[in-house]
1. With a 1.4 Å probe and every protein chain kept in, tell me what percent of the accessible surface of the stretch 24-153 is carbon plus sulfur.
2. Roughly how many Å² of Leu81 are accessible to a 1.4 Å probe, to the nearest 10?
Amino acid sequence: MKQLLISVLLVLPILISVAQPKCKIKKAYAFYTVSVPGMQMVDENGNPIPPQIDITRFIYLEWSGLKRPEIETVLYNKKPLLATVTAVPGSTVNPESEFVNTNGFKITASKNNSLWKIDLQTVSGSPMPDQNCKNIIIKIKGTGKTCAFKLVNERQIMTLPRY
């Protein structure tokens with residue numbers, strides 16, 4: 001009986017490790033910028049038109065290996081967005097450096113991993129989901145199965161002024 005218990009306890013971790021999906025996403029960081037035009041627009045009668053908020057979203061992935069990830073879909077609050085994947089040169093990136101000169105938040109890839117940037121756009125005709133989204137799902141095409149990676153928050157970064 002004792003040997004049976006020991007063998008079950010030894011076999012259990014092996015079975016659990018085999019059941020895990022082979023997802024190559026190690027870490028993911030979601031960001032967004034918000035810009036509002038500086039001048040109030042008016043219509044032909046002189047009535048003010050409310051400004052349109054422009055939200056730009058992107059995600060940095062730390063990916064196992066060097067092969068380009070194949071994005072199936074990216075969902076923000078269950079709304080699909082179009083994704084464009086580009087490689088990030090080097091193993092470190094400061095997402096805020098595109099917009100302002102800071103030494104703040106840096107993303108560094110571990111050894112044998114690569115960094116990829118996913119630029120997101122809306123599907124034609126649909127609006128961009130609201131700011132500070134809490135339900136972000138990235139679905140990657142894998143070997144036979146789809147891997148889903150969930151993010152629970154996104155970070156707002158500063159952008160250049162828009163006129």
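1. Using a 1.4 Å probe with all protein chains present, the stretch 24-153 comes out at 52 percent carbon and sulfur.
2. Ignoring ligands and nucleic acids, Leu81 comes out at about 10 Å².
The values are calculated or read from the model by the stated rules, or taken from the named source; none is laboratory data. The model shown is predicted, which means the values in this text are computed figures rather than measured ones. Each accessible area value is taken on the protein alone, full model and side chains, heavy atoms only, with ligands, DNA and RNA left out. Shrake-Rupley method; radii C 1.70, N 1.55, O 1.52, S 1.80 Å.
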